[in-house]
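Novice: Structure provided below as structure tokens; questions to follow.
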Amino acid sequence: MSKTVLKILLISVMSAAGIAIPLYAENAGDIPHLEMNGTAKQLIVDGKPFIILGGELHNSSSSSLAHMEPVWDKLAGMNLNTVIMPVSWELVEPVEGEFDFSLVDGLLRGAREHDLKLVLLWFGSWKNAVSSYVPSWVKTDYKRFPRVKNSEGESREVLSCFGKESLRADSRAFAAFMKHLGEVDRDDHTVIMVQVENETGLLNDSRDRSQSAERAFRENVPSELIDYLSKHKKSLIPEMREIWAGSGFAESGTWTEVFGSDADEVFMAWHLGSYIGAVAEAGKTEYPLPLFVNAWLVQDNFSKPGQYPSGGPVSKMMDVWRAAAPVFELYAPDIYDPGFKAVCERYVRSGNPLFIPEAHRDFSAVPKTFYTVAEHDGIGFAPYGIDEAVDDHPLGKTYRFFTDIMPLITEYQGTGNMAGFMETDETTGTVELGDYILEIDYDMFGKGDAPGYGLIIALAPDEYLMAGSGFWVTFSPKHGDKNRVGILSADECWYKDSRWTYGRRLNGDGNDGGLRAQFLHVDFLNTPRELPISSGFMPPMPVSPDDFTLQRIKVYTYK
Ligand code: DGJ
């Protein structure tokens with residue numbers, strides 16, 4: 001049965017049963033959307049799974065088309081397929097009720113001319129916990145658009161999420177923006193996702209102390225939140241479960257009674273999530289692109305809410321946000337933190353698809369791309385400030401490689417047959433794929449400081465595809481099998497435009513005489529390439545010393 005027929009059937013069954021059909025569900029069609037592939041949620045663009053090989057612009061770059069002119073070429077030259085950039089409320093509604101989308105249209109034009117997709121960031125009521133991008137008619141009318149107050153009753157330059165007029169105005173503007181995108185981009189799909197607001201939450205205090213906020217804080221926790229937590233009790237993020245367990249999973253009471261010393265953060269997450277979710281719903285009804293929010297992370301285990309934005313979508317508050325704002329399809333971490341892997345692991349819990357819209361743009365972006373898309377079936381990766389990346393940044397070659405192999409990666413996401421890895425503090429790693437245990441050893445000769453990283457796909461129980469830099473792989477049988485494992489063949493290969501080509505057979509020094517698969521450091525991280533002649537063997541250099549190749553490796557067992 002075709003998807004369209006299925007959809008029509010579903011819609012008729014829902015309407016016959018009197019179930020409300022969200023407007024946006026009716027016309028999702030070919031509009032970019034998320035879809036399950038096995039256990040992975042993938043972004044589907046133009047009917048195919050798509051991985052964002054992206055970069056986020058500096059905040060001000062996209063506010064000027066003239067400024068963007070040379071930037072487009074640079075980004076296309078770096079082989080990005082997607083640019084992440086802000087669209088601010090102040091520039092699209094400079095006068096209340098009068099919308100001007102000429103800047104947005106120019107950005108779409110620039111992207112299309114360079115064959116790039118866009119993820120747009122709606123800088124509305126909040127950007128990094130403050131309200132610097134709201135129009136001046138909002139900034140100056142602080143009676144109609146009330147501010148957060150501190151405990152001394154002083155106003156902050158931050159909109160309060162209890163301001164009903166602010167919610168109405170932001171929703172109307174976001175709806176107009178999404179409606180416009182629907183009008184100009186429904187057939188082209190240049191814009192593939194939209195982020196609503198940016199790194200929200202409240203800084204320097206754990207909660208808003210304005211009168212309306214204080215009144216709401218004295219009320220009981222809304223039954224919608226309790227119902228959500230009860231319904232999802234078994235799958236709650238463990239930190240949230242622990243918070244709620246503190247009251248014995250109380251099913252009614254004030255915020256403090258139910259959430260104890262975490263009450264302020266949960267309260268802010270619920271009210272911010274409700275506000276931003278309502279803004280998002282208003283836009284999604286106009287044009288149903290995938291919508292998401294991003295998080296300013298908790299910096300360390302000792303930080304208290306307010307030292308990081310209180311109530312923002314940090315991973316421990318994801319359940320509260322899901323209850324308040326079911327419209328969001330994913331929660332995205334901005335990872336500047338050195339604990340990159342740990343943050344990824346926190347953000348893939350309870351089925352959240354991994355998308356990293358911001359990260360350092362240093363050379364660690366290369367291993368992080370491998371790790372995000374191969375280990376966590378990620379939707380995409382994007383370093384911040386990409387418009388100022390150095391010339392010849394190695395991400396350019398990395399993204400070209402991933403563009404070529406994207407059909408393979410997306411085919412294997414969600415199957416359990418792919419792993420990604422990157423060296424952090426450890427010198428070895430273990431991966432179980434196919435019929436074997438694969439030991440990864442980063443301690444390669446000529447290593448310098450460059451980390452090892454890569455990906456492995458099990459094409460069959462005894463056949464692997466590998467790529468990366470600076471690691472060895474040895475194989476052993478699973479489940480206590482006493483057999484020995486040898487490498488039957490190792491072939492250099494490439495995958496481009498969905499076609500395979502093969503290079504050298506690497507069955508001698510190239511795989512240490514059948515002992516281990518070898519991936520020399522690719523040059524572009526300036527790794528010393530001196531090989532120890534005394535070691536007795538010389539692995540073959542990659543065809544191009546600063547580019548990735550794949551190896552297809554078949555193994556076998558013997559007694
Ligand atoms: C995180 C924010 O989300 C970005 O908009 C930008 O301000 C960066 N920080 C700057 O490092």
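The values are calculated or read from the model by the stated rules, or taken from the named source; none is laboratory data. Bear in mind that the values here come from a model prediction, so they are computed numbers and not experimental data. Cβ sites come from the backbone with ideal geometry, for glycine too, and all protein chains shown count toward neighbours.
Novice: Of the conditions (1) away from the ligand (no atom under 16 Å from the Cβ); (2) without any contact (Cβ under 8 Å) to a residue 60 or more places away in the chain, residue 177 fails just one. Which one is it?
Specialist: Residue 177 satisfies every listed condition except (2).
Novice: Suppose we keep only residues that are more than 13 Å from the chain's Cα centre (by Cα), outside any loop (DSSP other than H, G, I, E, B) and of a type outside the set (A, V, I, L, M) within the range 360-374. Which one would you say is nearest to the ligand (Cβ to nearest atom)?
Specialist: Once the filter is applied, the top-ranked residue is 367.
Novice: Still on this structure, I have one more. Confirm whether residue 138 is more than 16 Å from the ligand (Cβ to nearest atom), touching a helix residue (DSSP H, G or I) at 6+ places or on another chain (Cβ under 9 Å), within 18 Å of residue 95 (Cβ to Cβ) and outside any loop (DSSP other than H, G, I, E, B).
Specialist: So residue 138 passes the test.
Novice: Only one of these is surrounded by 13 or more Cβ atoms within 10 Å (Cβ to Cβ) and modelled with pLDDT under 90: 524, 475. Name it.
Specialist: Details: 475 fails: modelled with pLDDT under 90.
Step by step, each of 524, 475 is checked, and only 524 is surrounded by 13 or more Cβ atoms within 10 Å (Cβ to Cβ) and modelled with pLDDT under 90.
Novice: Further, regarding this structure: If you check 390, 343, which single one turns out to be without any contact (Cβ under 8 Å) to a residue 60 or more places away in the chain and within 16 Å of the chain's Cα centre (by Cα)?
Specialist: Details: 390 fails: within 16 Å of the chain's Cα centre (by Cα).
So the residue among 390, 343 that is without any contact (Cβ under 8 Å) to a residue 60 or more places away in the chain and within 16 Å of the chain's Cα centre (by Cα) is 343.
Novice: Right, something else. Can residue 281 be described as within 16 Å of the ligand (Cβ to nearest atom) and touching a residue at least 24 places away in the same chain (Cβ under 8 Å)? Can you show your working first?
Specialist: On the way: within 16 Å of the ligand (Cβ to nearest atom): no; touching a residue at least 24 places away in the same chain (Cβ under 8 Å): yes.
No, not satisfied.
Novice: Working only within the range 150-188, note down all residues that are basic (Lys, Arg) and touching an Asp or Glu at 6+ places or on another chain (Cβ under 7 Å). So that I can check it myself, show each step before the final result.
Specialist: First, the residues of the range 150-188 that are basic (Lys, Arg): 156, 164, 168, 172, 179, 186.
Across the range 150-188, the qualifying residue is only 179.
Novice: Of the numbered conditions (1) surrounded by 15 or more Cβ atoms within 10 Å (Cβ to Cβ); (2) under 18 Å from residue 515 (Cα atoms), residue 412 satisfies every one except a single condition; which is it?
Specialist: So the condition that residue 412 fails would be (2).
Novice: Another question about this same structure. Go through the range 394-426 residue by residue and tally those that are out of contact with any strand residue (DSSP E or B) (no Cβ under 7 Å at 6 or more places or on another chain) and assigned to a loop (DSSP other than H, G, I, E, B).
Specialist: Of the residues in the range 394-426, the ones out of contact with any strand residue (DSSP E or B) (no Cβ under 7 Å at 6 or more places or on another chain) are 394-398, 400-401, 406-407, 409, 411, 415-416, 424-426.
Now narrow it down to the ones that are assigned to a loop (DSSP other than H, G, I, E, B): 394, 415-416, 424-426.
Adding up the residues that qualify gives 6.
For every residue, the table says whether it meets (1) under 21 Å from residue 194 (Cα atoms); (2) free of Cβ contacts under 8 Å to residues at least 12 places away in the same chain.
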{"residue": "76", "(1), (2)": "yes, no"}
{"residue": "86", "(1), (2)": "yes, no"}
{"residue": "98", "(1), (2)": "no, yes"}
{"residue": "109", "(1), (2)": "yes, yes"}
{"residue": "117", "(1), (2)": "yes, no"}
{"residue": "131", "(1), (2)": "yes, no"}
{"residue": "140", "(1), (2)": "no, yes"}
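Yes/no matrix, rows are residues, columns are (1) surrounded by 16 or more Cβ atoms within 10 Å (Cβ to Cβ); (2) within 16 Å of the ligand (Cβ to nearest atom):
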residue: 198; (1), (2): yes, yes
residue: 202; (1), (2): yes, yes
residue: 216; (1), (2): yes, no
residue: 231; (1), (2): no, no
residue: 240; (1), (2): yes, no
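Novice: Across the range 106-147, which residue is farthest from the chain's Cα centre (by Cα) among those that are polar (S, T, N, Q) and surrounded by fewer than 17 Cβ atoms within 10 Å (Cβ to Cβ)? Quick ask: steps written out before the conclusion?
Specialist: To start, the set of residues in the range 106-147 that are polar (S, T, N, Q) comprises 125, 128, 131-132, 136, 140.
Applying the additional criterion that residues be surrounded by fewer than 17 Cβ atoms within 10 Å (Cβ to Cβ) yields 132, 136, 140.
On the way: 132: 25, 136: 32, 140: 35 Å.
Per the stated criteria, the residue is 140.
Novice: Let me ask something additional. Looking at residue 87 and the list (1) in a strand (DSSP E or B); (2) more than 16 Å from the ligand (Cβ to nearest atom), which single condition is not satisfied?
Specialist: (2)
Novice: Hey, any hits in the range 320-338 for a residue that's free of Cβ contacts under 8 Å to residues at least 24 places away in the same chain, closer than 28 Å to residue 218 by Cβ and within 16 Å of the ligand (Cβ to nearest atom)? Before the answer, list the steps.
Specialist: At the first step, the residues of the range 320-338 found to be free of Cβ contacts under 8 Å to residues at least 24 places away in the same chain are 338.
Subset that is closer than 28 Å to residue 218 by Cβ: none.
No: the range 320-338 contains no residue that is free of Cβ contacts under 8 Å to residues at least 24 places away in the same chain, closer than 28 Å to residue 218 by Cβ and within 16 Å of the ligand (Cβ to nearest atom).
Novice: Continuing with this model, one more query. Do we find a residue being out of contact with any Leu (no Cβ under 7 Å at 6 or more places or on another chain), over 20 Å from residue 453 (Cβ atoms) and either of a type in the set (Ser, Thr, Tyr) or assigned to a loop (DSSP other than H, G, I, E, B) (or both) anywhere in the range 340-357?
Specialist: So in the range 340-357, the residues out of contact with any Leu (no Cβ under 7 Å at 6 or more places or on another chain) come out as 340-342, 345-346, 349-351, 354, 356-357.
This time we only want the ones that are over 20 Å from residue 453 (Cβ atoms), so: 346, 349-351, 357.
If we keep only those that are either of a type in the set (Ser, Thr, Tyr) or assigned to a loop (DSSP other than H, G, I, E, B) (or both) as well, we get 350, 357.
Yes.
Novice: Still on this structure, I have one more. Scan the range 43-75 residue by residue and report those that are within 16 Å of the ligand (Cβ to nearest atom) and part of a loop (DSSP other than H, G, I, E, B).
Specialist: Correct list: 57, 58, 59, 60.
Novice: Quick check, is residue 41 more than 22 Å from residue 365 (Cα to Cα) and buried (at least 16 other Cβ atoms within 10 Å of the Cβ)?
Specialist: Details: more than 22 Å from residue 365 (Cα to Cα): yes; buried (at least 16 other Cβ atoms within 10 Å of the Cβ): yes.
Taking the combined requirement at face value, the residue satisfies it.
Novice: Of the numbered conditions (1) touching a residue at least 24 places away in the same chain (Cβ under 8 Å); (2) touching a helix residue (DSSP H, G or I) at 6+ places or on another chain (Cβ under 9 Å); (3) of a type outside the set (Asp, Glu), residue 241 fails exactly one; give the number of that condition.
Specialist: Unmet for residue 241, out of (1) touching a residue at least 24 places away in the same chain (Cβ under 8 Å); (2) touching a helix residue (DSSP H, G or I) at 6+ places or on another chain (Cβ under 9 Å); (3) of a type outside the set (Asp, Glu): (1).
Novice: Residue by residue through the range 442-467, note down the ones that are modelled with pLDDT under 95 and farther than 17 Å from residue 340 by Cα.
Specialist: 442, 443, 444, 445, 446, 447, 448, 449
Novice: A follow-up question, please. Of these, 145, 123, 162, which one is of a type in the set (A, V, I, L, M, F, W, C), in contact with a Ser or Thr (Cβ under 7 Å, 6 or more places away or on another chain) and within 16 Å of the ligand (Cβ to nearest atom)? Steps first, please.
Specialist: Values: 145 fails: within 16 Å of the ligand (Cβ to nearest atom); 162 fails: within 16 Å of the ligand (Cβ to nearest atom).
Answer to the check: 123.
Novice: Checking residue 308 against (1) within 16 Å of the ligand (Cβ to nearest atom); (2) in contact (Cβ under 8 Å) with a residue 40 or more places away in the chain; (3) closer than 19 Å to residue 380 by Cα, which single condition isn't satisfied?
Specialist: So the condition that residue 308 fails would be (3).
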